[in-house]
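Novice: Got a structure for you, questions after.
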C-alpha cells in the first residue's frame, strides 16, 4: 500500500488527502493548527459569524472523506528528508509548549501543501499596536470572533483586501477606507476591459459582488493608486497618511491626506511557505532573477524531487479554488494513479479555469518604488528592530555579513516577515528562505529528539 | 462557556476556545509585549511573526495568537531589549 504523508490541512492538503485515500493509499495528514481547514477554513464551530464561512459544504465533504486518514493536528514539521523512503519529522503538542512528542513518518510520496502567509511591506510606524497584517484580521474574526479596532484602514494590494474589509464590517467595526496600490488604469489593463467576464468565468462573481455591496452599503471609499505611507501614533495607532503613488509605487509628493483611525490592516500579497520544499531540494522558480519564488511542478503536481508533490499557494498564489484542484491532482498522483485516469479530468479542468484568474492577480504585484516611503529609521526586521538605514548600509556586503552586522532576519521569525523586504532594499536575493529548522522548535526539544537511523541503501554498506 | 485566565495578575474572562491573543484583545488589551523599547501587539495573527509571544504558566515564548486559552492559565508580559 502506498504510504502518503500530506503536510498542511488547508484546502490543498485536505483535497490531496481525500483523493489519495479514495485511491487506496495509506494517508497521514500533519498540520500545525489545532483543527484542520488551514487559514481558509479557520472558523471556530461556536463563534464564527456564518457569513465569514465560505464553501462549508465542500469542507464537510472533505472531512467525511478523511475517514480512513490519520489526521495529526498540533504537529510542527521541523525537518524533512529526501530519499527512499521520504522522511518527515514533527513535534506534536500544544503550540510552543515544552516537551512536545517527537514523531518521524516514512512515506513513498509526500504532498507539500503548507500554504502562504501575508506579505506586508514595512511603513514608518508599522510596529505600533493596532497595526496588523490583513490576514490577522481574518484570523481574529474567524478563529476568535474579535475585531481589533473600531475605525480601521485596510491597505495594500489585491482582491484579498475586500474580504478583510467585509470581516471588519460584519464584526461591527467601521472601515474608514480601503486603499489599493494598483491604479484604476492598471486594474483595467490587468483584468481586461470587462473584468466581470473573467471573474464570472472563475465562479467568483457572487463573492466579489458581496464584497463590493458591503463597501457600498457602508459608504466605504475604495482608493486606487494609493498607499498608506506613514502610520502615526504614540502608544498605538491614531492616524495614517494616505498618498497617491506612481506606477512603480513611489509616493507622489503633495498628495498626502491624514486619515484618523485606531487600526490598520496591511496586506500586499502573499509569500509562499517554501521551507520544506527547499529542504527536500525541490527546484524553485524565479529564485535567481529576484522574482516571486514558487515550487516548480509538472502537470501531475510533481516537483523535481521523486515522490514529492506540491499543491496550493506554494506553486503560485491562486486562492482556495485553485488549491482544491491542485490538491486533488497531487493526491491522486501521490497514490500512484496513472496520468490517463479519468479521475484527473474534473480537477484538471478546474485548475485550468483558475489559472486564467490567478494570472490576473499579477496586476497587483509589488512594484520596486515602495522603498521610497521608508525613512532611514523605519524598522524593517520587526524581531530585531533592524532599520532600513542599517540594512542599506550593508547592501554591498555578503548576505551573511549583512545579517550578522544588522541582525536582520536573525530573530525568532527567521526572516519570514522581513526577508523579501530586505531583498528589495539591498537589491539582491539574500537566502532568507533557506532555514535549517522549518518551524518554531525549542532547542531542548531538538536536543531530546532521537532520529531513528536511516534504513535506506546507505546503512547497508 | 466562559473561561478565566490571569494576565500579569489581573483576571480576564474569555470564551472557551479563543486564543490567548483573542482573550486579551476581547478585553481591550492591544499590547502585551515590549520590544526594542516600544509596545508591540498582535501582528500576523497566524503564527508567523512571533511578535505576540507571552509567558504562559512559566514557559516563555508562547505565541498568543496560536495557543488556545485554558481555564486558569497564568499569562505574563515579555520584555525584549
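Novice: Per residue of A:410-418, what is the mean number of Cβ atoms on other protein chains within 10 angstrom of that residue's Cβ?
Specialist: 4
Novice: Could you tell me whether segment A:328-447 comes out rounded, prolate or oblate from its Cα gyration tensor? Rule is a ≥ b ≥ c as square roots of the eigenvalues, rounded for a/c under 1.5, then prolate if a/b exceeds b/c, otherwise oblate.
Specialist: Oblate is the answer for segment A:328-447, as a/c is 1.5 or above yet b/c matches or exceeds a/b.
Novice: May I pose another question? Hey, what did chain A get for relative contact order, percent, Cα under 8 Å, at least 6 apart?
Specialist: Answer for chain A is 19 percent.
Novice: Now a separate question. Measure nothing but the geometry: give the 0 to 90° angle between the long axis through the Cα atoms of A:205-217 and the longest principal axis through the Cα atoms of chain A, rounded to 10°.
Specialist: It is inclined by approximately 30 degrees.
Novice: Here is a follow-up. Taking the Cβ of each residue in A:355, A:143 as the centre, tally the other Cβ atoms inside 10 Å and list the residues starting with the fewest.
Specialist: In order of increasing Cβ crowding within 10 Å: A:355, A:143.
Novice: Mind checking the full-extension length gain between residue A:104 and residue A:54? Use 0.36 nm per residue of separation minus the Cα-Cα distance, one decimal, nm.
Specialist: Full extension from residue A:104 to residue A:54 adds 14.6 nm.
Novice: Right, another one. Taking the highest mean first, how do the peptides A:24-34, A:421-431, A:260-270 order by number of other beta carbon atoms within 10 angstrom per residue?
Specialist: So the order, starting with the most tightly packed, is A:260-270, A:24-34, A:421-431.
Novice: Does the protein assembly as shown classify as rounded, prolate or oblate by the C-alpha gyration tensor (a ≥ b ≥ c root eigenvalues; a/c under 1.5 gives rounded; else a/b over b/c gives prolate, otherwise oblate)?
Specialist: rounded
Novice: For B:60, B:10, A:275, what ranking results if the residue with the fewest other Cβ atoms within 10 Å of its Cβ goes first?
Specialist: Result, fewest neighbours first: B:10, B:60, A:275.
Novice: Shape of segment A:1-60 from its Cα gyration tensor (a ≥ b ≥ c, root eigenvalues): rounded if a/c is under 1.5, otherwise prolate when a/b > b/c, or oblate?
Specialist: Prolate, since a/c reaches 1.5 and a/b exceeds b/c.
Novice: Hey, got the Cα dimensions of segment A:63-190 along the principal axes, in Å, largest first?
Specialist: Answer, in whole Å and largest first: 52, 38, 37 Å.
Novice: Show me A:407-414, A:13-20 ranked by packing, highest mean number of other Cβ atoms within 10 Å first.
Specialist: Taking the mean over residues of other Cβ atoms within 10 Å, the ranking is A:13-20, A:407-414.
Novice: Which whole number gives the average count of other chain Cβ atoms within 10 Å of the Cβ atoms across peptide A:121-131?
Specialist: The per-residue average across the peptide is 3.
Novice: Let me know the mean shielding of B:13-20 by other chains, meaning the per-residue number of their Cβ atoms within 10 Å of its Cβ.
Specialist: Taking the mean over all residues of the peptide, I get 5.
Novice: Sorting A:76, A:439 on the 10 Å Cβ count, fewest up front, what's the list?
Specialist: A:439, A:76
FYI, it's all coordinate maths here, none of it is from the lab. Please read these numbers as outputs of a predicted model, since none were measured by experiment. Positions of Cβ are backbone-derived with ideal geometry, glycine not excepted, and every protein chain shown enters the neighbour counts.
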